[in-house]
Every structure is written in structure tokens, then in C-alpha cells.
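**Q** I am attaching a structure below and will ask some questions about it afterwards.
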Amino acid sequence: MIELKHLSKVYDNGRTKVEAIKDINLTIEDRDVFGIIGLSGAGKSTLVRCINFLEKPTEGQVIFDGVDLGAISHKELLKKRQSMSMIFQGFNLLSQRTALDNICYPLEVAGINKKEARERARELLKVVGLEDKENSYPVQLSGGQKQRIAIARALATNPKVLLCDEATSALDPNTTDSILNLLKEINKNLGVTIIVITHEMKVIEHICNKVAVIDNSRIVEEGLVKDIFTAPKSQIAKQLILPKNEGVPVAEGFRCLRLVFDGTSAFEPIISSLSRNCNTDVNILGANTKNIEGVAYGQMLIQLPEDKETADKIKDFLDSKEIKYKEEGLNVE
């Protein structure tokens, strides 16, 4: 478990002071996939570098497995860091080393003999699906393959925590999905806690179970992904999740129902079932829903028929399915 207590970082060059993070308090449980999301300049990267003490916090504590990282010697800190690996947006592979030798590098630093290191590296190449690339140099690899090698290198020392700083920002959407799926498998199969730093809500939706939203160097909101997604409280969270109310317009000129999906199975055909049961066509005016771990979250705006009896049937059906809704539009206060 990682506990951040009143964590702050100030950069002071003698003339100006910049508070990169301010009074951060977070608890990240073992086996979490914990997302930290915010816009550029919000303090995300500084925060993740303070977690493993690549940046020493100005104030506060980082407690990892019960140990205060600020209260131990440099030698002990280096040992602890072997349990916290990091992957980056730019991959940071050594260009003069093959894929296998890149993975071996942290093992060499840790003093593992060459034979054992290479055996471990080959195991990890299988984990990331690149057994056939062990003799390839970074220049011969695609962006997704480079990131897979970087992930394998990060896993070399059997870390408990994997820190991902915008790890998919340089990748195309399909490659991003494959890397996120790989991280999910690593979390599930190896039990590695993963901390994801990103500015993209789709990354959080895809992989994380918990999320903290950072804005102007402070955590403004945190909780389960499904809770933050369905009911964001902070302005920045609303902007990240539903920019300009994307996909769900304001109800104008019609009597409408705004449906809120906050736990319905994503595989249950609610609208088609509604249409069949109520014997009416359903006009969808807009929607922004997401499938998070097989569950639907988000909003949908549907037009209510003018016939009161049919409208009441629709509401009764939604009540029976425990779908939350709010009436909007003409003659609705």
C-alpha cells in the first residue's frame, strides 16, 4: 500500500517559487489500478516522481509498505525503488542494446549474474508477447513494441508497483488499447499495483478501478471510476468526462427523458427492450455512455411520445429496470 500524506513540492530557484503539487493526500491499495488524471501542467508528472522519490518532496510523506521513504538512508531508498518501476511516454530504451539486453539492464544494476538475467528477460519477453524480438534493436521496433519492451524491463526486478507516466500518449488508438490490455493482464496475473498518469479519460475508463483528479496542483476529486464518471463534482472532472456536454444535448422543443446509467449491464439492450415492451418507437436525441468492465455508465436523452399513456408506460418500464431518469424539455420545470 502507498500512502501520500500532505505531500507538496515547491521549485525555488532563488527568484521565483512554483508550487508543483500542494497538500496531496491519497491512499493506493495493493493491486489497485489507480489513475491520476489532469490537464497539462496540473502537477501529474511531479506527483508520480515524488511517489518514488525521483523528486524529493518539499513537505509531507510517502509511506510505501509501512516505510516512510523520506526517513530512510539513500542506500535503503535505492533498494525500495527496485519495488517501484516506471515506464514513460518516450520509452527510454538504450539504442545500442537489443530488446533482450534492454530488459537485462536493471538486473545488471541489481547485481544479478548474466545467465540468470537473460533467463528472466526471456520470460518477460513471453509475458509481453515479443519472444521473436529479443535480438532486435529499438530502431527496428514499432512504438507499441518499444513500449512492450519498456514494460518488460520495468518488470525485471519483480516490482510491487508500476508507475506509468503518460505511457500511451505517443501511440495510436489501436496500439494504446493493446498496451492497456497488457497492463490489465499484468495487474491481474502478477498482482502488480499500477499507477497511471494521464490526461485522457478513455485511458482511465479502459484500465483503472479508482481515479484521482488533479487540478492546479491539488487533488480536487477522487473515488471509484464508476462514481466519478456518473456524477463528477468538480468542474475539471466534468470537463474531462463530458467536454461541453458532448453527445448529450440540452433538451429543447421536446418532452424528453434524460437517462442516467450507473451500473446497468452494458450487454442488456435497454432501449430495444423498452421499445418492444411499450410498443413504441424510441427517438434517441443524444448519448454519451461507456462500457466500463461490462457495466454501462453515462447519459442518454430520449424523446417522450406526446401520448401520456405511452409516456407513462416508458417511465414504468424504466422504473422496473431501476434506470434513473429526469424529465426535461417543454413544460417541464
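**Q** When only C-alpha pairs under 8 Å and at least 6 residues apart count, what is the relative contact order of the range 170-221, in percent? Don't skip to the answer; put the middle values down first.
**A** Working: 22 pairs, mean separation 12.3, N = 52.
Here the relative contact order equals 24 percent.
**Q** Using a 1.4 angstrom probe on heavy atoms only, work out the carbon and sulfur share of the accessible area of the chain in %.
**A** 46
**Q** Leaving ligands, DNA and RNA out of it, work out the accessible area of HIS6 with a 1.4 Å probe and give it in Å² to the nearest 10.
**A** Counting only protein heavy atoms, the figure is 110 Å².
**Q** Of THR27, THR193, which has the most accessible area and how do the rest follow, probe 1.4 Å?
**A** The ordering from most to least exposed comes out as THR27, THR193.
**Q** Could you tell me what % of all Cα pairs in the chain have separations over 27 Å?
**A** 54
**Q** Another question about this same structure. Using +1 on the beta carbon of Lys and Arg, -1 on that of Asp and Glu, and nothing else charged, what's the dipole of the range 114-251 about the Cα centre, debye to 20?
**A** 380
**Q** How big is the charge dipole of the chain about its Cα centre, in debye rounded to the nearest 20, if each Lys and Arg gets +1 on its Cβ and each Asp and Glu gets -1 on its Cβ?
**A** 1320
**Q** Tell me the angle of helix 99-109 to the major Cα principal axis of the chain, expressed in degrees between 0 and 90 and rounded to the nearest ten.
**A** Orientation of helix 99-109: about 60 degrees from the principal axis.
**Q** Shifting gears a bit: Could you please tell me the mean projected area of the C-alpha convex hull for the range 52-152, averaged over all directions and given in square nanometres to one decimal?
**A** The Cα convex hull of the range 52-152, projected and averaged over all directions, gives 7.6 nm².
**Q** Out of every Cα pair in the range 1-51, what percent are spaced more than 18 Å from each other?
**A** Roughly 35 percent, rounded to a whole number.
**Q** Starting from the Cα of LYS5, step 7 Å toward the Cβ, then list every residue of the range 54-93 with an amide N under 18 Å from that point.
**A** 57-73
**Q** Then there's this: Quickly rank 146-154, 219-227 as a protection proxy: mean count of other C-beta atoms within 10 Å, highest first.
**A** Averaged packing, sorted descending, gives the order 146-154, 219-227.
**Q** Under a no-solvent Debye model with one identical scatterer per Cα of the range 101-172, what's log10 I(q)/I(0) at q = 0.18, 0.21, 0.27 Å⁻¹?
**A** -0.69, -0.92, -1.32
**Q** Another question, if that's okay. At 1.4 Å probe radius, can you tell me the per residue accessible area of the chain in Å²?
**A** Values: 16940 Å² over 333 residues.
Heavy-atom SASA per residue in the chain reads 51 Å².
**Q** How far is the Cα center of the range 164-182 from the Cα center of the range 293-323, in Å?
**A** Between the Cα centre of the range 164-182 and that of the range 293-323, the gap is 36 Å.
**Q** Sticking with this one: So how strong a dipole does the range 1-110 carry about its Cα centre when Lys and Arg Cβ are +1 and Asp and Glu Cβ are -1, to the nearest 20 debye?
**A** In debye, rounded to 20, the range 1-110 gives about 360.
**Q** Please compute the Kirkwood hydrodynamic radius of the range 91-214 from all pairs of different C-alpha atoms, in Å with one decimal.
**A** The Cα-based Kirkwood calculation yields 14.9 Å.
**Q** Determine the relative contact order of the range 150-243: mean sequence separation of Cα pairs under 8 Å and six or more apart, normalised by residue count, in whole percent.
**A** With pairs under 8 Å counted, the relative contact order is 21 percent.
**Q** Could you sort 49-61, 89-101 so that the peptide with the highest average Cβ count within 10 Å comes first and the rest follow in order?
**A** The densest-packed peptide leads the list: 49-61, 89-101.
**Q** Put +1 on the Cβ of every Lys and Arg and -1 on every Asp and Glu Cβ in the chain; which of VAL282, THR16, TYR325 then has its Cα farthest towards the positive end of the dipole?
**A** Projecting each Cα onto the dipole axis, the largest value belongs to THR16.
**Q** At a threshold of 8 angstrom on Cα-Cα distance, excluding pairs fewer than six apart, so keeping six or more, what relative contact order does the chain reach in percent?
**A** RCO, the chain: 18 percent.
The values are calculated or read from the model by the stated rules, or taken from the named source; none is laboratory data. Fair warning: this is a prediction, and the values are worked out from it, not measured in the lab. Neighbour counts run over all protein chains shown; Cβ positions are idealised from the backbone, glycine included. Protein only, heavy atoms only, side chains kept; ligands, DNA and RNA dropped before computing areas. Shrake-Rupley method; radii C 1.70, N 1.55, O 1.52, S 1.80 Å.
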